[in-house]
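Inspection log for the structure reproduced underneath, given as structure tokens.
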Amino acid sequence: MSERFDCDHCKESLYGRKYIQSDDNPYCIPCYDSLFANTCDECKELIGHDCRELFYEDRHYHEHCFRCFRCDRSLADEQFTCQDEALLCNDCYCNEFSSKCIACDKTVMPGSRKLEYNGKTWHENCFICNSCKQPIGSKAFIPDDQDYYCLPCYENKFTPCCVRCKKPLTKGGVTYREEAWHKECFVCTGCKTQLAGQPFTSHEEKPYCVICFGDLYAKKCEACSKPITGFGGGKFVAFEERHWHQTCFNCSRCKMSLSGKGFFPEEKEILCRECKVVLLAQRTCSTA
């Protein structure tokens, strides 16, 4: 009597039938499929032992069920993307979700290098400087209306140059007589001190600090011999080619301020009314 050879599950004889061995136990085909086969996530039917099974994110599919949600193309041997749990072939995904390059109007494929700015998208090689036509890539750039420039081209094309050193002003600077200067280049014509943020004046269209202008060109006060520059709101008095600081315009004898008052010139002196009267009286007495 021959030894029995039965399905481990239904106990029916396997002699003359196809079977599958699993964990050293034999199973008939129907039992094996019912016990071990996965259910297709798409059609909800068992994926038989003789079917090609595809697996994606804990989900199982028949080969013919693993297809694009939009165009129904099989994805078995195609690149695909999952969007909101729907499987899409690359073409459908790009048509529906991918951006188009603003320069060449072609789709920017998923995973390709791209650049996004101000709501627009470019292929990396399509985002080029409007002047030198070279790809800008990850380098700094400056937008100008609808054009984009790499920093060197923008500086050469648009940035004003310093009047003194002729190099571009990339930041800050000083404007003098409608011309641009670097702060470090805008210096006193006399002592070369930087004038940015300091009071200054000009002579023959050249800038001078207060000290140099006073020493070189300002009138000298008759009383203190210091320059009269007019800076800081300082006022002055002029009389017959002589000049005084307002605070220095005092009677030569009693030192009373003569600013806004009448005065009398007496040779190199200036006198108030009282001192002039005293001087005249002295002269009368001396001639009597």
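Each reported figure results from applying straightforward, stated rules to the coordinates on display, with no laboratory input. Just so we're clear, the structure is a prediction, and the values are computed from it rather than from any experiment. Ideal geometry is used to build each Cβ from the backbone, glycine not excepted, and the neighbour counts take in all protein chains shown.
For the charge dipole of the chain, defined by +1 on Lys and Arg C-beta atoms and -1 on Asp and Glu C-beta atoms about the Cα centroid, which residue among Ser138, Pro227, Cys31 has the Cα displaced farthest towards the positive pole?
The Cα lying farthest towards the positive end belongs to Pro227.
Compute a Gaussian network model of the chain, connecting alpha carbons closer than 10 Å, and tell me which residue from Glu96, Glu57, Glu42 fluctuates the most.
Of the options given, Glu57 has the highest mean-square fluctuation.
Quick check: residue separation of Glu184 and Ala37 times 0.36 nm, minus the Cα distance between them. What number comes out in nm?
44.8 nm
In a Debye calculation with equal point scatterers on the alpha-carbon sites of segment 58-100 and no solvent, what is log10 I(q)/I(0) at q = 0.20, 0.21, 0.25, 0.32 Å⁻¹?
-0.57, -0.62, -0.84, -1.23
Once the other residues with Cβ under 15 Å from the Cβ of Trp122 are scored (Lys, Arg +1; Asp, Glu -1), what is the net sum?
Every neighbour counted, the sum reads +3.
Using only alpha-carbon positions, what ratio does the radius of gyration of the chain give when scaled by 2.2 N^0.38 Å?
2.59
At a Förster radius of 22 Å, what calculated FRET efficiency corresponds to the Cβ-Cβ distance of Lys220 and Leu279, to the nearest 0.05?
0.25
Report, in listed order, any pair from Lys192/Lys235; Lys192/Lys226; Lys183/Lys235 with a Cα-Cα distance greater than 24 Å.
Flagged as over cut-off: Lys192/Lys235; Lys183/Lys235.
Neighbour counts of other C-beta atoms within 10 Å: give me Lys11, Lys276 arranged from fewest to most.
Lys11, Lys276
Would you mind checking the radius of gyration and Dmax of segment 46-155 based on alpha-carbon positions, in Å?
Both quantities, over Cα of segment 46-155: 20.4, 70 Å.
Can you tally the net charge around Gly173? Count Lys and Arg as +1, Asp and Glu as -1, for every other residue whose Cβ sits under 14 Å from the Cβ of Gly173.
Value of the local net charge: +2.
Give the aspartates and glutamates reachable from Lys11 as a straight Cα distance under 18 Å; neighbours fewer than 8 places away on the same chain don't count.
Glu3, Asp23, Asp24, Asp33
Give, as a single signed number, the net charge of other residues whose beta carbon lies under 9 Å from the beta carbon of His62, with Lys and Arg counted +1 and Asp and Glu -1.
-3
Rounded to whole Å, give me the distance from the Cα center of segment 47-109 to that of segment 181-255.
So the separation of the two Cα centres works out to 82 Å.
As a quick test, which of the pairs Lys220/Lys261; Lys100/Lys120; Lys120/Lys157; Lys133/Lys171; Lys219/Lys261 have an alpha carbon distance above 18 angstrom in this structure?
Check vs 18 Å cut-off fails for Lys220/Lys261; Lys120/Lys157; Lys133/Lys171; Lys219/Lys261.
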